[in-house]
Amino acid sequence: MSAGRVFGIVLALLALAAIALMVFRPARVVGPSEDSLAHSLVSAANASEGGTCLEGGQGGKDGGGWLCRLRGRPDGASDVRAVVYAVDVDGWGCWNAHVVQGRPGGGMTRTLDGCITAADFARIGG
C-alpha cells in the first residue's frame, strides 16, 4: 500500500470522525447556545409550551451555569405550569438540571439530564 493511499484513508477517517462529532456532540465544537440547550431540555421534559435558557445561572464547577424556564401542561392539565431549572453543562454538551423554582409535573421532574445534539441546534423533533 502506497503512502498516498494510507494518507487518503487517514484523512477520510478524520473527516468521518469530525462529522460524527458535529452530529452527536456539536456543543463540543461550537459550545452550547441558549436555544439549543432550551430545546434539549424541552425535549427531555416533554414541556409542551416550550422554554428559555440564560447563561450565568446557579451551579457549575466555576460558579457559572444556566437557568432554564420550562412551560408545560403536566398530565393534560388546563393550566400552564412554569418550572425553573439550574443547569450544569459539561464540555461535551451533556447537562444535569435540578428544580430551583416551581412544582414540576408530568415529564417535568425534579431532576433531568441529557445531551445537546445536532437536532437541538436545528430545533428538529422534541
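Worth a mention:
- When residues in segment 77-99 are screened for being charged (D, E, K, R), under 12 Å from the mean Cα position of the chain (by Cα) and not in a strand (DSSP E or B), 1 of them pass.
- On the stretch given as segment 100-116, residues that are surrounded by 15 or more Cβ atoms within 10 Å (Cβ to Cβ), under 16 Å from the mean Cα position of the chain (by Cα) and not in a loop (DSSP other than H, G, I, E, B) total 3.
- Condition check for Arg28: among the charged types (D, E, K, R), at pLDDT below 80 and touching a helix residue (DSSP H, G or I) at 6+ places or on another chain (Cβ under 7 Å): yes
- Every residue from segment 37-50 that is surrounded by 24 or more Cβ atoms within 10 Å (Cβ to Cβ) and on the phi > 0 side of the Ramachandran plot: none
- Options Val80, Val89: the member that is β-branched (Val, Ile, Thr) and surrounded by 14 or more Cβ atoms within 10 Å (Cβ to Cβ): Val89
The values are calculated or read from the model by the stated rules, or taken from the named source; none is laboratory data. For clarity, every value in this text was computed on a predicted model and none was experimentally measured. Don't worry about glycine lacking a Cβ; one is built from the backbone with ideal geometry, like all the others, and counts go over all protein chains shown.
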